[in-house]
Amino acid sequence: MRTALCLFLMTLALLAGAPAANARGDQDVPELDHVFVIVLENHNSFTSFGSIGILDNPNAPQITALAQTYNFASNYHGVWHPSLPNYVAMITGDWIGTDVLGTGHTYPVESTVGISDDDSPSVATDYGPPANASLHRWRVNLPSLAGQLVAVGKDWRVYLQNLPEAGTSLANWPGDGNTGKVYAVKHNPFPSVAEIQDDPGEFAKQVPLEQLFSDLGSQRVPAFSYIVPDQCCDMHGLSNPLAPCGGASNTDANDVKRGDDMTGWLVKAIMGSPVWHHGRNAIFIVFDEGNGPLTCPAYNPDKGPLLPPAECYDPNNFNDRVVLIAITNYGVRGVQDARFQSHFSLLKTIEAAFELPFLGHAADPTTNTLAPLLAP
C-alpha cells in the first residue's frame, strides 16, 4: 500500500511539472539555525469556493514565482475558521482556549472550548474612545513553540507591522471599527498564550516590524521569527474609508497586489541579509485560511461538547487548501509535496528542525512534516 501511495504522489508531482516528494519521516527534517514564518490572509492556493486564489492570480506574480522557484506544499490546509484559531494552531498544535468572559454564550465562564471567533486576549487593552471596545476573552492554557524554544536556550520574536510599540497590550491599533485597526491582535497568537501573558520578558518579544531589519543587519535575529504584515499588506484588506487601504482602495485585486509586494520585499530583505548566508535557514510563506468549509461544521460548544471532537482533526475532513512555500539557503529546488499538510505540519516541522518534542496535534501520526521541502 505504501509503495502504491508513493507512486501515486510521484505521478501527481510529475503531472504538475515538479520533482516528486518522497515519503519522509520526521527524522528527515534537517536541523535549522533560523526559521522565518511570513503569514498572509484569507486566500486559497487556487481559485475555489467562488473566490480567486493566489497561484492563479495575476496580482500575485512574486508569490507565484517563489512557489515555482523554491518548494511548495500543494496539499496544505488551514485548520479552522476564522483567523485566530489558525494562528494559535501554528504555535500550540491546537485551537482551544479558555473563554474568560463567556459573553454571548451559554457555556459557563472560564470554559475551555474550541476558539471559533477573533476576539481578543484576556490581557488586551482597548484603544479607548472613540474606538469600539473589543472583548477581552482568550487565555490559551497550552504549551507553545515560544516556551519550547526558551526552555532549550533559543529565542523567538514576533514582528508585527504597525504595532505601536514593543510589548504593547493594545488589542488593535489605531482602534477598532472606527478607524480600521491596521494592526489586529487576531493575527497575533502570542498574547493569547498563558505562558507568554504571565512573563513580561516574553510578552515584550512582540515588536514592530521595523525591528526585523535592524535585527537582520546586526545579525541578532532569533532562531524563530514570526512575521505578520498589517491588514493593508497581508491581503486581508479593510473597508473603513479611514484606513489607508480602505474606501475605494478596498478591492481584492489591490489587497493581493499589496500583499504580494510586501511578501517579495520581506523575502528579499531576509535573503539579502548576512544572517541568510550562514548556517541552514528557511523561510515559510503561509496563509492562515482560505474560503473552504469548516472541518466539522456541526461543532458548537454552546450545544456541546465543549472541546472539538476528533472529526475536527481528521485529515479526511479538511478542505481549505492554502499556500505554503518553503525557501531555504541550501538544498533542493522545485519540489512539490502532494501529501496532506496543515498548520500542525508547519509546527511539527519547526519543532523537528529545532529538536523539540511535538505539541498538540503536531504529534498526531497523521501529521506529516514538510521534510521533502527542506531536503539538502
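Two decimals is fine: what's Rg over Rh for the range 41-169, C-alpha atoms, Kirkwood radius as Rh?
1.02
Taking the Cα centroid of the range 250-324 and of the range 186-236, what is the distance between the two, rounded to the nearest whole Å?
Comparing the Cα centres of the range 250-324 and the range 186-236, I get a distance of 16 Å.
Could you rank the peptides 342-350, 44-52, 287-295 by their average count of other C-beta atoms within 10 Å per residue, with the highest value first? Numbers along the way, then the final one.
Values: 342-350: 27.7, 44-52: 16.0, 287-295: 21.3.
Sorting 342-350, 44-52, 287-295 by mean packing, highest first, produces 342-350, 287-295, 44-52.
So in the chain, what percent of DSSP beta bridges are antiparallel if you round to the nearest 5?
About 40 percent, rounded to the nearest 5.
Each residue of the range 325-334 in turn: what ³J(HN,Hα) in whole Hz from Karplus with 6.51, -1.76, 1.60 and θ = phi - 60°, glycine and Pro shown as x?
Each residue's phi maps through the Karplus curve to give 10, 10, 10, 10, 9, 7, x, 5, 9, x Hz.
Sum -39500 (n - 2.57) across every DSSP H segment of at least 4 residues in the chain, then divide by the residue count to get the 222 nm mean residue ellipticity, nearest 500.
On the way: 9 runs with 87 residues, N = 376.
Helix contribution divided over all residues of the chain: -6500 deg cm²/dmol.
Quick check: pseudo-label points 7 Å beyond the Cα along Cα→Cβ at Thr69 and Asp314, how many nm apart are they?
4.2
Please list, in order along the range 352-368, the HN-Hα scalar couplings obtained from phi with the Karplus expression 6.51 cos²θ - 1.76 cosθ + 1.60 (θ = phi - 60°), rounded to whole Hz, x for Gly and Pro.
Ordered by residue, 3J(HN,Hα) equals 5, 5, 9, 6, 10, x, 8, 9, x, 7, 5, 7, 4, x, 7, 8, 7 Hz.
Projected onto the charge dipole of the range 301-375 (+1 at Lys/Arg Cβ, -1 at Asp/Glu Cβ, origin at the Cα centre), which of Phe318, Ala375, Phe344 gives the Cα projection farthest towards the positive end?
Ala375
Per residue Cα convex hull volume for the range 139-247, in cubic angstrom?
101
Which GluC sites (Glu not before Pro) in the range 27-136 pass both tests, a DSSP loop state and at most 15 other beta-carbon atoms within 10 Å?
Glu31, Glu110
From the C-alpha gyration tensor of the chain, pull out the three semi-axes of the equivalent ellipsoid (sqrt of 5λ each), sorted largest to smallest, in whole Å.
Working: eigenvalues 174, 114, 95 Å².
The three semi-axes for the chain are 30, 24, 22 Å.
Convert each backbone phi in the range 247-258 into a coupling constant with the Karplus relation 6.51 cos²θ - 1.76 cosθ + 1.60 (shift: θ = phi - 60°), then list the ³J(HN,Hα) values in order as whole Hz, x for Gly and Pro.
Couplings: x, 5, 7, 7, 10, 4, 4, 5, 4, 5, 4, 5 Hz.
With a 10 Å radius around each residue's Cβ, average the other Cβ atoms per peptide and rank 143-152, 97-106, highest first.
143-152, 97-106
Since every read-out is calculated from the coordinates, none of them should be taken as a lab result. None of these values were measured; they are calculated from a predicted model. Positions of Cβ are backbone-derived with ideal geometry, glycine not excepted, and every protein chain shown enters the neighbour counts.
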